[in-house]
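The values are calculated or read from the model by the stated rules, or taken from the named source; none is laboratory data. Predicted model only: the values in this text are computed from it and were never measured. Every residue, glycine among them, receives a Cβ derived from its backbone with ideal geometry; neighbour counts consider all protein chains shown. Accessible surface areas use protein heavy atoms only, side chains included; no ligands, DNA or RNA. Shrake-Rupley method; radii C 1.70, N 1.55, O 1.52, S 1.80 Å.
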Amino acid sequence: MNIFESYQLGDITLNNRIVMAPMTRCRAIDNIPNDLMATYYGQRATAGLIISEGTSPSVNGIGYARIPGAYSPAQIEGWKTIAKSVHDNNGILFVQLMHCGRVSASENLPEGGTVVAPSAVKAAGEMYTDSKGMVEHAMPKAILTEQIETTQQEFVDSAQKLVRAGVDGVELHAANGYLLDQFLNPKSNMRTDDYGGNFKNRARFVIETAEKVASAIGAGKVGIRISPYGAMNDVDHDYDDLIDLYAYLAQELRKIGIAYIHIADHSGTMGAPDFKTDIKSTIKLNFNGTIITGGDVNSKDDAQNVIDDGYDLAYVGRPFISNPDLVAKFKNDKDLKEPNADLFYTPGAEGYTDYE
């Protein structure tokens, strides 16, 4: 199969097999998606699938400065405009729902927000804030057992609002040390109830959330991102039952019938170690559905290699920042522009919508 061929993702036809990876860009002033963001995503709509930057389903989930939410009427109106911009350019958009959990600073939370996590375990490291610069991650409050359903419902509510606004689907962010991954990982999950301990219990929160979101908007509109062996945000990247956990998770997600599993691979690019097992193949075998993966994809050949290795869709990250016409450049073997890393997370148009 060729990366430029169309792909049938459930009921959705993708124009090619190239996926624009979710990337935090911090342009959502007051956490509200805006017209500048609509321009940015519209410019990149020739990707077969765009997965948006991480978007919080609640005030408690805002971790970083200026990331978007999807819980208030103004935020949903913003996403409606973005979805229209992508669709007007013949693209497909899934919004990634990312609850940051303990990877947060109190200064970044809107009024009424609380830093929460599976357990009251503080994440090592620091977080940028517009008001104070770099500060330590906040000490989270453990989510009580009776608060589990409320937290899951936040994902459901956001997903429903987004689909009604015209978004094609949502991706549950269960990777990179954020809330869903914090439940999966034994370093951040010290619970003694039905959501902690053995790998089946640690997977319970993620599986139940996926079930509820799929029931609300349709399983074909739901994807999930995972990062086995990931080392971001102070989670373990190797533990005794890792293979069992991800095999089980893939099996349960297969039963739900979600659209895809998106396997993040930061080995060699973002400080993560190489995968110690062929975990991608293990997940693919147990899921038996669409798999998106990549990692250090910087050329047409890199993307094609992902497909040739037996996976369905190849994600591309940072090259999309500075090459809104990346698909055309891949097709025509054109050189790619390098992005300006100093402008990755700044609030304005520079380094965002001014690439050609």
Has segment 61-69 got any residue that is closer than 16 Å to Phe320 by Cβ, part of a loop (DSSP other than H, G, I, E, B) and aliphatic (A, V, I, L, M)? no
Condition (residue is under 20 Å from Tyr195 (Cα atoms), in contact with a helix residue (DSSP H, G or I) (Cβ under 9 Å, 6 or more places away or on another chain), not charged (D, E, K, R) and not in a loop (DSSP other than H, G, I, E, B)) applied to segment 112-122: is it met by at least one residue? yes
Anything in segment 90-127 that is over 21 Å from the mean Cα position of the chain (by Cα) and closer than 30 Å to Arg17 by Cα? List them, or say none. Asn90
Sort out which residues of segment 70-106 are in contact (Cβ under 8 Å) with a residue 40 or more places away in the chain, farther than 15 Å from Thr46 by Cα, part of a helix (DSSP H, G or I) and open to solvent by 30 Å² or more (accessible area, probe 1.4 Å), and write them in order of number. Ala74, Glu77, Lys80, Thr81
Single residue of Val135, Val121 found to be at pLDDT 95 or above, out of contact with any strand residue (DSSP E or B) (no Cβ under 7 Å at 6 or more places or on another chain), aliphatic (A, V, I, L, M) and surrounded by fewer than 24 Cβ atoms within 10 Å (Cβ to Cβ): Val121
Kindly indicate which of Val59, Val116 is out of contact with any strand residue (DSSP E or B) (no Cβ under 7 Å at 6 or more places or on another chain), among the β-branched types (Val, Ile, Thr) and open to solvent by 10 Å² or more (accessible area, probe 1.4 Å). Val59
Give just the number: which of (1) modelled with pLDDT of 95 or more; (2) within 25 Å of Lys334 (Cα to Cα); (3) open to solvent by 60 Å² or more (accessible area, probe 1.4 Å) does Asp312 not satisfy? (3)
Out of all the residues in segment 255-267, is one or more at positive phi and of a type outside the set (Phe, Trp, Tyr)? yes
Among the residues listed as Asp130, Asp181, the single one being at pLDDT 95 or above and over 18 Å from the mean Cα position of the chain (by Cα): Asp130
All positions within segment 324-356 that are aliphatic (A, V, I, L, M) and touching a Leu at 6+ places or on another chain (Cβ under 8 Å): Leu326, Leu336, Ala349
Among Ile292, Ile224, Ile283, Ile256, the single one that is touching a His at 6+ places or on another chain (Cβ under 7 Å), within 22 Å of Asn198 (Cβ to Cβ) and modelled with pLDDT of 95 or more is Ile224
Take residues that are aliphatic (A, V, I, L, M) and tell me which of the strands (runs of 3 or more DSSP E) falling wholly in segment 180-299 contain 3 or more. 222-226
Select from segment 9-28 the residues that are β-branched (Val, Ile, Thr) and surrounded by fewer than 24 Cβ atoms within 10 Å (Cβ to Cβ) and write down the one among them that is farthest from the chain's Cα centre (by Cα). Thr13
Restricting to segment 138-165, count the residues that are closer than 16 Å to Gly69 by Cβ, open to solvent by 70 Å² or more (accessible area, probe 1.4 Å) and hydroxyl-bearing (Ser, Thr, Tyr). 0
Can you confirm whether segment 335-355 contains a residue that is modelled with pLDDT of 95 or more, buried (at least 17 other Cβ atoms within 10 Å of the Cβ), at positive phi and not in a helix (DSSP H, G or I)? yes
